[in-house]
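The values are calculated or read from the model by the stated rules, or taken from the named source; none is laboratory data. The structure presented is a predicted model; accordingly, all values stated were derived computationally and were not measured. Glycine gets a Cβ as well: all are built from the backbone with ideal geometry, and neighbour counts include every protein chain shown.
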Amino acid sequence: MVALTGPLIAQAPGDMRWLRVEDASAAAACRGAALALASRLDFPATRADQVALAVTEAASNLHKHAIQGAMLVRIGRDGGTAGIEMVTIDAGPGVHDARAAMRDGRSTSGTLGIGLGAIQRMADFCDLYSVPGHGTALVARFWPQSHPGSPRYAGLVRPITGETVCGDAFGAVQADATVTGVLCDGLGHGPLAASAAMEAVTQILADPAADPATLVERAHRRLSHTRGGALGVVQAAGPVIRFAGLGNIAAAILADGTRRGMISVPGIAGHQARTIRQFDYDAAPGAAIILHSDGISNRWEPRLLPGLNARDPLVVAAALLAEAGTRRDDAGVLVLKP
């Protein structure tokens with residue numbers, strides 16, 4: 001019997017909310033969104049207040065220091081435990097000393113804010129990734145009770161401007177020693193694209209024991225009644241990475257400032273697939289396996305993101321969205337750390 005561990009599926013629209021943070025009033029909206037999720041999850045009052053305080057401070061920092069700041073608050077799950085994840089991204093100007101910025105009492109504007117260090121202290125997990133002259137990504141996780149853990153995979157989706165539903169979807173699951181990940185970019189935008197993408201993810205995760213090419217072929221057959229979309233499936237077992245892609249899902253192995261692309265063949269899952277091929281790659285220890293849709297430009301430079309592969313998978317995903325994401329398309333990214 002295959003043992004499945006920690007299935008991950010992209011959050012439903014009602015379980016996540018992206019908010020632009022470009023003026024002071026946005027902090028109240030971010031706080032309200034976080035408190036609404038805390039209430040849904042029956043967070044203890046004291047813990048909910050800590051989440052609200054941390055989210056308010058993070059939003060205030062975006063307004064004061066960042067360009068094109070945005071915050072995501074969403075429900076995150078680890079096994080049977082549900083918590084709140086906060087992600088902030090911006091377009092610059094970056095932080096020159098991220099370690100110093102995370103210390104309690106540190107302020108770059110002379111204010112009496114609680115600081116990123118206090119956010120780190122209140123969160124069960126918190127990390128900041130920033131490169132001067134580029135964007136910054138901040139990730140924090142809050143559980144109702146203490147919940148240690150280090151996820152091996154994480155993903156992000158963000159809808160095109162004007163939509164509340166993202167047409168991209170991701171999923172991942174560990175079966176024994178093999179981690180299987182899937183990212184689908186539904187054709188077009190909105191609910192119909194989202195339905196096609198989620199159908200693909202559901203089909204892959206329902207029985208992930210086969211190899212990636214077989215999984216893509218199975219999903220292709222079963223998406224014929226949908227819009228279809230671009231689809232990528234990756235499996236990581238030790239140093240061996242297997243990948244099969246159909247359409248414009250970008251796939252790469254990120255390690256020590258280098259990026260090795262993985263090959264996807266032309267087509268549309270559900271409608272057009274002449275040949276489905278699988279390719280095998282070797283991954284160095286500590287590498288990050290990345291799949292992303294064309295809502296994230298494939299022109300990001302790994303040398304400009306030093307040490308990123310060593311970070312938490314959600315930090316990697318957020319940093320890529322900050323660096324290369326576009327609001328003119330749905331954006332989706334999945335990161336595996338085998």
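Below is a table of values for the structure above.
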| read-out | value |
| --- | --- |
| Meets criteria (at pLDDT 90 or above and among the aliphatic types (A, V, I, L, M)) for ALA169 | yes |
| Selected residue (only one of ALA237, ALA244, ALA210, ALA219 is hydrophobic (A, V, I, L, M, F, W, C) and at pLDDT below 95) | ALA237 |
| Pick from the range 119-140, criterion free of Cβ contacts under 8 Å to residues at least 60 places away in the same chain and farther than 20 Å from ALA48 by Cβ, ranking: surrounded by the fewest Cβ atoms within 10 Å (Cβ to Cβ) | GLY133 |
| Residue tally, condition under 20 Å from PRO144 (Cβ atoms) and touching a Cys at 6+ places or on another chain (Cβ under 8 Å), over the range 52-87 | 4 |
| Residue within the range 236-248 that is among the β-branched types (Val, Ile, Thr), closer than 30 Å to PRO306 by Cβ and buried (at least 19 other Cβ atoms within 10 Å of the Cβ) present | yes |
| Selected residue [in contact (Cβ under 8 Å) with a residue 24 or more places away in the chain, of a type in the set (D, E, K, R), closer than 30 Å to ASP124 by Cβ and out of contact with any Asp or Glu (no Cβ under 9 Å at 6 or more places or on another chain)] from ASP312, ASP256, ASP282 | ASP256 |
| Criterion (within 19 Å of the chain's Cα centre (by Cα) and either in a helix (DSSP H, G or I) or not assigned by TED's automatic domain parsing to the domain that holds VAL95 (or both)) met by exactly one of ALA58, ALA27 | ALA58 |
| Odd one out for ALA213, checked against (1) small (Gly, Ala, Ser); (2) part of a strand (DSSP E or B); (3) surrounded by fewer than 24 Cβ atoms within 10 Å (Cβ to Cβ) | (2) |
| Selection status of THR46, surrounded by fewer than 15 Cβ atoms within 10 Å (Cβ to Cβ), assigned to a helix (DSSP H, G or I) and β-branched (Val, Ile, Thr) | yes |
